[in-house]
Amino acid sequence: MTFARLLILAASATAIAGAAQAQSPYAGQQTRTIKALSDQQVGDLQAGRGMGMALPAELNGYPGPVHVLELADQLVLSEGQRAAIRGLFESMKSEAIPLGERLIAQEAVLDRLFADHAATAENIASATEEIGKTQATLRATHLKYHLSTLAALDPAQIRRYGELRGYAAGTPAHRHH
């Protein structure tokens, strides 16, 4: 076989492998314990992290407790504010972690329905309805703590938070304070 022919065969094999990869964006995910959740998502749910659930608040000038604590020095939080925000953060986690665990368990049930080839229109509807309720409650929990955090800050701290987070040089949230 000539070198040119080997080169063509190698290029063809690479193109075929690339096409197979492009046609299978979920390749590798079939080995997940719960197909709908990555290991990162499971870890985030177990730790009570927001996973972007509070973006409507965050990006509209309602700071979250985690990020406010991370920026406490730059925001010049008083000791009272720090304590209040820490309390909000701990309360948020105490609500979010059990909800995250519930969501993981519900996703596992849905996954099991399909893994066992026991999925029906009825049990899928029931399982996804429960998942949706838990997701809604979890999201509302995270959003609620953005509201509470906003109330603990003064307008200058809210503006500074937006600047430090890389948002517009001022936030509209001070109107809601």
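The values are calculated or read from the model by the stated rules, or taken from the named source; none is laboratory data. Model, not experiment: these values are computed from the prediction. Here the Cβ positions follow ideal geometry from the backbone for every residue, glycine too, while neighbour counts run over all protein chains shown.
A Cβ distance below 8 Å, combined with a sequence gap of six or more or placement on separate chains, defines the contacts here; from the range 105-122, residues that are closer than 14 Å to Q41 by Cβ reach residues that are of a type in the set (G, A, S) in the pairs Q106/A127; E107/A36; D111/A36.
Pick out the one residue from G132, G100 that is surrounded by fewer than 18 Cβ atoms within 10 Å (Cβ to Cβ), within 17 Å of the chain's Cα centre (by Cα) and part of a helix (DSSP H, G or I). Break it down stepwise before answering.
Working: G100 fails: surrounded by fewer than 18 Cβ atoms within 10 Å (Cβ to Cβ).
That would be G132, the only listed residue that is surrounded by fewer than 18 Cβ atoms within 10 Å (Cβ to Cβ), within 17 Å of the chain's Cα centre (by Cα) and part of a helix (DSSP H, G or I).
Cβ-Cβ distances below 7 Å connect the following pairs, each with a first residue in the range 48-68 that is assigned by TED's automatic domain parsing to the domain that holds Q157 and surrounded by fewer than 19 Cβ atoms within 10 Å (Cβ to Cβ), a second residue that is at pLDDT below 95 and outside any helix (DSSP H, G or I), and a separation of six or more residues or different chains: L59/Y167.
Under the condition of being part of a helix (DSSP H, G or I) and either among the β-branched types (V, I, T) or not assigned by TED's automatic domain parsing to the domain that holds A151 (or both), the residues counted in the range 70-85 number 1. Among the residues making up the range 119-132, those that are in contact with a helix residue (DSSP H, G or I) (Cβ under 8 Å, 6 or more places away or on another chain) and among the hydrophobic types (A, V, I, L, M, F, W, C) are A119, I124, A127, I131. Applying the set (1) touching an Asp or Glu at 6+ places or on another chain (Cβ under 7 Å); (2) surrounded by fewer than 16 Cβ atoms within 10 Å (Cβ to Cβ); (3) not aliphatic (A, V, I, L, M) to E90 leaves exactly one unmet item: (1).
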